[in-house]
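First up is the structure itself, then whatever we jot down about it.
The values are calculated or read from the model by the stated rules, or taken from the named source; none is laboratory data. All values derive from a computational prediction rather than experimental measurement. Heads up, the Cβs are rebuilt from the backbone with ideal geometry, glycines too, and the neighbour counts pull from every protein chain shown. SASA here: full protein model, heavy atoms, side chains in, ligands and nucleic acids out. Shrake-Rupley method; radii C 1.70, N 1.55, O 1.52, S 1.80 Å.
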Amino acid sequence: MIIILLGPPGAGKGTQAKILCQRLKIVHISTGDILREAIKSNTALGQEAAKYVERGELVPDSLVTKMAQERLTCDDAKEGFILDGFPRNLSQAESLDEFFNSNGLLDYSVIYLETSETTIIKRLTGRRICKNCQAVYHLINVPSRKEGICDTCGSELYQRPDDSESTIKNRLQVYERMTAPVVAYYSHKGKLLHISADNEAEKVIEAILKFLGKDS
Ligand code: AP5
């Protein structure tokens with residue numbers, strides 16, 4: 001099964017993808033996570049990408065498209081995958097189509113997590129992430145038992161640098177300019193399912209699983 005999760009920053013793509021990949025036993029591929037890992041490891045890709053990620057701009061297609069396609073051809077993606085954060089502009093969507101066509105991957109679902117700006121800002125400013133295991137928390141919605149400490153591994157929680165209010169605003173503008181047309185692109189293909197992602201996480205996952213016919 002192949003699922004593309006679309007939605008603005010903070011819509012809950014990562015949150016839903018983590019639950020879905022366990023339920024459906026397919027791999028979660030997040031281009032944001034791959035880029036953050038490359039930045040942390042200070043690879044050549046990471047050094048180049050950091051300039052864009054910290055400003056909330058898109059990393060150039062010349063870096064991201066090849067990186068995403070290489071990840072999609074890994075063995076663990078053979079049984080299917082959930083794509084989170086890719087494609088993010090029309091050129092990435094077209095290159096993904098070419099990749100799907102040349103690999104005979106004709107059956108995929110596109111789920112659009114529709115979210116209001118008020119919800120997005122609350123979710124992103126309150127998000128905290130474990131420095132070690134990358135578990136995602138929220139100060140109000142998903143608090144850790146002990147403030148600032150991960151429930152799973154006991155490491156410190158941190159705030160993503162691009163979750164500052166000014167960078168969030170830029171990410172939202174970039175989303176409207178570059179990624180919103182991708183939503184229209186899949187809608188014209190008759191591929192798009194709209195889900196209201198302002199709801200609590202359990203309700204959102206319920207709606208997605210129902211659509212996929214995996215709710216029993
Ligand atoms: P990326 O990591 O993809 O960031 P994003 O799209 O901005 O999305 P987020 O990770 O911020 O949000 P999310 O929707 O996953 O929300 P989450 O589930 O964490 O990209 C980062 C950067 O990398 C980009 O700006 C760009 O520079 C670069 N990049 C990545 N891909 C690229 C590409 N293809 N091309 C070019 N550049 C690329 O939830 C947020 C918070 O809300 C959490 O605290 C969570 O606990 C909480 N929450 C989630 N759902 C709910 C709910 N239903 N109810 C209550 N709380 C909830």
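Things to note:
- Being open to solvent by 40 Å² or more (accessible area, probe 1.4 Å), touching a Ser or Thr at 6+ places or on another chain (Cβ under 8 Å) and at pLDDT below 95 holds for only one residue in GLU165, GLU200, and it is GLU165.
- Members of the range 54-71 found to be out of contact with any strand residue (DSSP E or B) (no Cβ under 7 Å at 6 or more places or on another chain) and either closer than 22 Å to LYS18 by Cα or in a loop (DSSP other than H, G, I, E, B) (or both), listed by number: GLU54, ARG55, GLY56, GLU57, LEU58, VAL59, PRO60, VAL64, MET67, ALA68, GLN69, GLU70
- Residue in the range 1-11 that is open to solvent by 50 Å² or more (accessible area, probe 1.4 Å), in contact (Cβ under 8 Å) with a residue 60 or more places away in the chain and in a helix (DSSP H, G or I) present: no
- Any hit, the range 60-68, residues being in contact (Cβ under 8 Å) with a residue 60 or more places away in the chain and within 6 Å of the ligand (Cβ to nearest atom): no
- From ALA38, ALA44, ALA50, ALA77, residue being more than 22 Å from VAL183 (Cβ to Cβ), open to solvent by less than 30 Å² (accessible area, probe 1.4 Å) and away from the ligand (no atom under 14 Å from the Cβ): ALA77
- Taken over the range 107-133, residues that are over 14 Å from GLY12 (Cβ atoms), loosely packed, with under 15 Cβ neighbours inside 10 Å, in contact (Cβ under 8 Å) with a residue 12 or more places away in the chain and among the polar types (S, T, N, Q) amount to 1.
- In the set (1) charged (D, E, K, R); (2) surrounded by 17 or more Cβ atoms within 10 Å (Cβ to Cβ); (3) under 18 Å from THR167 (Cβ atoms), ARG71 fails one condition alone, (3).
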